[in-house]
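What follows is one structure encoded as structure tokens, with my remarks underneath.
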There are 2 protein chains.
Amino acid sequence: MSEINAIGADSVGIVTPKTAHFNASFTLKSGGVLPVFDLTYETYGELNTEKSNAVLICHALSGTHHVAGRYTPEDKYAGWWDNLIGPNKPLDTNKFFVIGVNNLGGCHGSTGPASIDPVTSKPFGASFPIVTVEDWVKSQAMLADYLGIDAFAAVVGGSLGGMQALQWSMAYPERIKHALVIASSPNLTAQNMAFNEVARQAITTDPEFHGGDYYAHNVVPTRGLRIARMLGHITYLSDDAMGAKFGRKLKDTIKYSFDVEFEMESYLRYQADKFAGEFDANTYLRMTRALDYFDPATAFDGDLSAALDKVTAKFLVISFTSDWRFSPERSREIVKALLDNELPVKYAEVTAAHGHDAFLMPDEHYHAILRSYLSKIEV
Amino acid sequence: MSEINAIGADSVGIVTPKTAHFNASFTLKSGGVLPVFDLTYETYGELNTEKSNAVLICHALSGTHHVAGRYTPEDKYAGWWDNLIGPNKPLDTNKFFVIGVNNLGGCHGSTGPASIDPVTSKPFGASFPIVTVEDWVKSQAMLADYLGIDAFAAVVGGSLGGMQALQWSMAYPERIKHALVIASSPNLTAQNMAFNEVARQAITTDPEFHGGDYYAHNVVPTRGLRIARMLGHITYLSDDAMGAKFGRKLKDTIKYSFDVEFEMESYLRYQADKFAGEFDANTYLRMTRALDYFDPATAFDGDLSAALDKVTAKFLVISFTSDWRFSPERSREIVKALLDNELPVKYAEVTAAHGHDAFLMPDEHYHAILRSYLSKIEV
């Protein structure tokens with residue numbers, strides 16, 4: 001989340017999350033079934049009469065529906081993509097009706113592992129099904145129906161969010177005009193999946209995980225969540241960015257201990273504690289699994305171009321030079337597959353030092369590309 | 001450790017570790033004091049009459065003194081650098097007298113946290129001091145005295161071992177003719193230190209760590225060690241190497257679970273279990289801290305060239321293109337500082353796919369460079 005001091009004229013202002021209740025069973029790709037479910041969402045701007053100006057923002061691993069604005073005038077933090085979304089910002093809410101949604105399996109309002117299972121009147125916990133990118137997009141389409149939106153002017157996402165934008169273009173070609181796929185990939189590399197596995201192992205082997213049913217024990221697998229978050233932070237930043245931010249700077253004189261000696265250690269522990277205090281471990285497990293499983297080419301013998309055969313959306317694909325978790329090379333695979341299908345695609349490889357986190361930063365070049373592309377979308 | 005089926009003519013054969021007991025107190029850089037200490041070591045080849053053909057092998061994070069040969073004819077595994085060391089191998093034991101030593105603080109025979117503190121008659125545990133590269137080199141010099149070796153023909157090491165070779169050249173310029181610094185660095189980057197911190201946090205927050213005194217509780221912080229090892233494995237391999245080895249290969253059909261789904265997960269869990277069953281957590285903590293602290297330029301306002309002012313050894317520096325943990329760029333910093341001092345240095349950047357682990361592999365080009373360099377050393 002970005003921190004600024006005042007709600008400026010380019011802010012969407014004070015926002016309030018809403019909840020859509022779906023009173024119908026939802027069958028997931030895994031075979032699991034949710035008897036009913038809620039999706040928590042926020043909207044910014046106004047839906048036009050033609051309902052042609054809606055933009056869906058898909059969140060990444062630890063994101064939420066709170067994409068822009070603040071909850072109170074005193075709110076210290078704005079939504080996680082507030083630098084991008086607002087009046088006259090690159091994603092201009094004077095033009096677009098923007099929707100942020102918390103994904104199924106999340107821990108910020110939408111039905112997830114910590115929600116009460118209506119069948120047992122207890123938290124789902126371990127029984128909450130595995131969710132996939134395909135499930136999310138299906139549920140987002142139900143939210144679009146609920147809001148009376150036939151087709152999105154654009155679906156936008158970074159990282160895991162970009163995978164959802166890509167999935168939208170395949171699953172509902174008639175319901176998406178533009179897909180903005182940022183710092184993303186058509187699937188995870190073995191290394192990325194390995195980092196996810198370490199994070200999950202840290203959580204599931206935490207004695208306070210209790211097989212996923214820790215709610216009943218009034219504990220949280222804090223240790224595992226801390227490790228998962230520290231590991232995440234390292235991989236979201238580039239080596240150079242960490243060097244520039246912390247280098248080898250000491251907190252104090254060397255004490256020859258396992259306490260905090262270097263500033264970077266202090267930062268990691270702070271981030272770890274903060275995250276472990278607010279994020280649900282069962283959600284973290286499911287979000288990483290959704291990342292692992294996403295691989296649309298699989299059903300086409302590994303041929304991504306064939307997987308994109310039905311796509312009609314126009315694409316903007318953006319990658320960042322220092323992103324080693326979702327490298328430019330992976331974005332170019334998407335671009336190639338789109339070009340193989342003679343689809344209109346614009347691709348930008350932005351020179352940026354921040355690694356994977358660059359997609360959240362207000363880099364001038366990056367935002368100029370988004371502003372230019374979005375300004376040309378007709379609604 | 002490398003696995004081969006028979007003890008060939010190019011093997012050093014059956015070897016037996018020895019222990020040198022030092023009956024004098026040893027003050028460490030941290031200020032800690034060991035009243036007495038042991039160093040466990042192995043030797044291969046014969047020390048010549050002039051005692052001019054000794055080569056010291058310094059080990060990395062989880063290495064040992066068992067560098068070459070086997071303990072029994074049936075021994076499934078040879079020493080960890082057996083592909084390099086033996087009769088007619090690149091480091092030829094017909095010419096050189098090779099010494100492998102387990103570092104202080106280790107868990108393979110030399111005095112370490114699991115050793116009995118003669119003062120309390122209990123394992124040192126948490127009270128075992130922090131060890132540094134400087135301490136290791138100082139203790140290795142004492143081992144050289146013990147063996148009657150005035151000067152090493154070469155000190156050789158990869159990764160953390162390379163840091164020891166570099167430290168040898170600074171601390172004892174008159175006792176080292178050649179330093180072979182492989183896949184190493186003049187200090188760790190912030191990212192490397194961050195990975196170490198995550199590994200340590202996993203260990204020290206494991207409930208079975210008991211502040212480092214787990215021996216008394218008859219438990220081991222298995223969970224933390226597992227996480228540390230998995231993380232290590234990911235960073236020792238390149239993304240491409242993991243991709244080539246495992247890709248996204250499934251063990252079976254997708255089960256939508258947190259069990260092993262992908263082959264890479266199976267590999268990581270196996271490696272984690274194996275390591276956690278045999279390596280001491282307190283040693284792991286200290287080895288990573290030694291890596292963090294090593295930074296010879298610090299005492300010279302960050303000027304590595306000034307730090308190398310007293311060096312007289314000749315150098316061979318080798319890096320590997322796919323090594324992202326100790327990148328070629330870091331090796332070139334060493335080379336530059338040596339050249340600033342007009343020291344003779346040969347540098348090779350080997351094209352290799354294996355990442356940091358490449359230094360342990362019998363890559364043809366890499367071994368040819370070592371063979372050529374070592375063959376020209378006069379003893």
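The values are calculated or read from the model by the stated rules, or taken from the named source; none is laboratory data. Since we're looking at a predicted model, the values are computed, not measured. Positions of Cβ are backbone-derived with ideal geometry, glycine not excepted, and every protein chain shown enters the neighbour counts. To get the accessible areas, we keep the full protein, side chains included, count just its heavy atoms, and leave off ligands, DNA and RNA. Shrake-Rupley method; radii C 1.70, N 1.55, O 1.52, S 1.80 Å.
Within the stretch B:162-192, being among the hydrophobic types (A, V, I, L, M, F, W, C) and either in contact with a strand residue (DSSP E or B) (Cβ under 6 Å, 6 or more places away or on another chain) or open to solvent by 10 Å² or more (accessible area, probe 1.4 Å) (or both) holds for B:ALA165, B:LEU166, B:TRP168, B:MET170, B:ALA171, B:ILE176, B:ALA179, B:LEU180, B:VAL181, B:ILE182, B:ALA183.
Among the residues making up the stretch A:360-379, those that are over 18 Å from A:PHE97 (Cβ atoms), open to solvent by less than 80 Å² (accessible area, probe 1.4 Å), part of a helix (DSSP H, G or I) and not hydrophobic (A, V, I, L, M, F, W, C) are A:TYR366, A:HIS367, A:SER372. Count of the stretch B:200-220 residues, restricted to those that are surrounded by 23 or more Cβ atoms within 10 Å (Cβ to Cβ) and more than 14 Å from B:ASP280 (Cβ to Cβ), is 2. Of all residues assigned to the stretch B:221-235, at least one qualifies as being open to solvent by 10 Å² or more (accessible area, probe 1.4 Å) and over 30 Å from B:ASP117 (Cβ atoms). The listed residues are A:GLN201, A:GLN164, A:GLN191, A:GLN140, and the only one of them that is under 30 Å from A:GLU364 (Cα atoms) and in a helix (DSSP H, G or I) turns out to be A:GLN164. Scanning the stretch A:336-359 for residues that are free of Cβ contacts under 8 Å to residues at least 24 places away in the same chain and in a helix (DSSP H, G or I) yields a single hit, A:LEU339. Among the residues of the stretch A:262-309, just one is of a type in the set (Asp, Glu), assigned to a helix (DSSP H, G or I) and under 17 Å from A:ARG330 (Cβ atoms), namely A:ASP292. Using the structure shown, decide if B:LYS95 is open to solvent by 30 Å² or more (accessible area, probe 1.4 Å), within 14 Å of another protein chain (Cβ to nearest Cβ) and of a type in the set (Lys, Arg). No, not satisfied.
Taking first residues from the stretch B:211-222 that are free of Cβ contacts under 8 Å to residues at least 24 places away in the same chain and partners that are among the small types (Gly, Ala, Ser) and crowded, with 19+ Cβ neighbours inside 10 Å, no Cβ contact under 6 Å between residues at least 6 apart in sequence or on separate chains turns up. Kindly evaluate A:GLY105 against the criterion of being small (Gly, Ala, Ser), part of a loop (DSSP other than H, G, I, E, B) and open to solvent by 20 Å² or more (accessible area, probe 1.4 Å). So A:GLY105 fails the test.
Looking for something within 17 Å of the chain's Cα centre (by Cα) and within 17 Å of B:TYR373 (Cβ to Cβ) - is there at least one such residue anywhere in the stretch B:97-107? Yes, because at least one residue in the stretch B:97-107 is within 17 Å of the chain's Cα centre (by Cα) and within 17 Å of B:TYR373 (Cβ to Cβ). B:GLU263 passes every criterion in (1) free of Cβ contacts under 8 Å to residues at least 40 places away in the same chain; (2) more than 7 Å from chain A (Cβ to nearest Cβ); (3) under 22 Å from the mean Cα position of the chain (by Cα) apart from (3).
The set of residues in the stretch B:256-266 that are open to solvent by 40 Å² or more (accessible area, probe 1.4 Å) and over 25 Å from B:PHE209 (Cβ atoms) comprises B:TYR256, B:ASP259, B:GLU263.
Taking the stretch A:17-85 as the region of interest, the strands (runs of 3 or more DSSP E) fully inside it that hold 3 or more residues being more than 14 Å from chain B (Cβ to nearest Cβ), crowded, with 22+ Cβ neighbours inside 10 Å and touching a residue at least 24 places away in the same chain (Cβ under 8 Å) are A:37-44, A:54-58. Of all residues in the stretch A:236-247, those being crowded, with 19+ Cβ neighbours inside 10 Å and either farther than 18 Å from A:ASN192 by Cα or not aliphatic (A, V, I, L, M) (or both) number 6. For the stretch B:209-254: of the residues being at the interface with chain A (Cβ under 9 Å from one of its Cβ atoms) and more than 24 Å from A:THR235 (Cβ to Cβ), which is modelled with the lowest pLDDT? Restricting to residues being at the interface with chain A (Cβ under 9 Å from one of its Cβ atoms) and more than 24 Å from A:THR235 (Cβ to Cβ), the top hit is B:ILE254. When every residue of the stretch A:316-335 is checked against the conditions, at least one turns out to be of a type outside the set (D, E, K, R), over 17 Å from the mean Cα position of the chain (by Cα), away from chain B (no Cβ under 14 Å) and in a helix (DSSP H, G or I). Of all the residues in the stretch B:270-315, those that are touching a residue at least 24 places away in the same chain (Cβ under 8 Å), facing chain A (nearest Cβ under 10 Å) and surrounded by fewer than 16 Cβ atoms within 10 Å (Cβ to Cβ) number 0.
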